[in-house]
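One structure is given below, encoded as structure tokens.
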């Protein structure tokens, strides 16, 4: 698995976990919990990806061969 794929899995896992925790902690009807989980998950997942790119851990530039 490449660096970008590994980062995507980690970002999804972290974002989903934090999103679910926040959604349930805030509470409300099921639709509200779902929307909160989705929004928080996207924000946290994006932050994980952004921090890795800023730190230089992952390069998203590919050559002509797709590597």
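Points worth noting:
- With both labels modelled 7 Å from their Cα along Cα-to-Cβ, the residue 55 to residue 29 distance reads 4.1 nm.
- With 0.36 nm allotted per residue and the present C-alpha distance subtracted, the residue 6-residue 39 stretch has 9.7 nm of extension available.
- Taking every Cα-Cα distance in the stretch 3-55 and sorting them into 5 Å bins starting at zero, the pair-distance distribution P(r) comes out as 5, 24, 26, 19, 12, 9, 5, 1 percent.
Laboratory data are not the source of any read-out in this text; all were calculated from the coordinates shown. Note that the structure is predicted; figures quoted are calculated from it, not measured. Note that we place each Cβ from the backbone using ideal geometry, even for glycine, and neighbour counts take in every protein chain shown.
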